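Where a number appears in this text, it was derived from the coordinates with a stated rule and is not lab data. These figures come from a predicted structure and were not determined experimentally. Cβ atoms come from the backbone with ideal geometry, glycine included; neighbour counts cover every protein chain shown.
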Amino acid sequence: MKKNYIGIREARINLSKLIKDVRDGMEIVITDRGTPVAKLVPAQGQTLSLEERIKNYESCGLIESCPEKKVIHPSPVELPGENIQSYIREERNDE
């Protein structure tokens, strides 16, 4: 996917053209004084899996991979009570 960097002021002035470019598959990175602050990407990118989105962010340089560290996803914990707020209230009342 081709990327194009553009400043905030220019993006505001040319938003219609940028939307057309994004529809055509271009990725637009909006900068503030040379620092990337936002990105316009085609809407169909929202249907990508988490792994695909992570790979896209890595390829754009927005994040770096860290293969030596594994991410551990905690298991859900069953709490007594209706929800976390009621559990916290109960814990505070026991003190």
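Assorted remarks:
- Here the label points at Arg89 and Ile54, each 7 Å from Cα along the C-beta direction, are separated by 3.8 nm in the simple model.
- Geometric descriptor of region 1-67, per residue, is 82 Å³ (volume of the convex hull of the Cα atoms).
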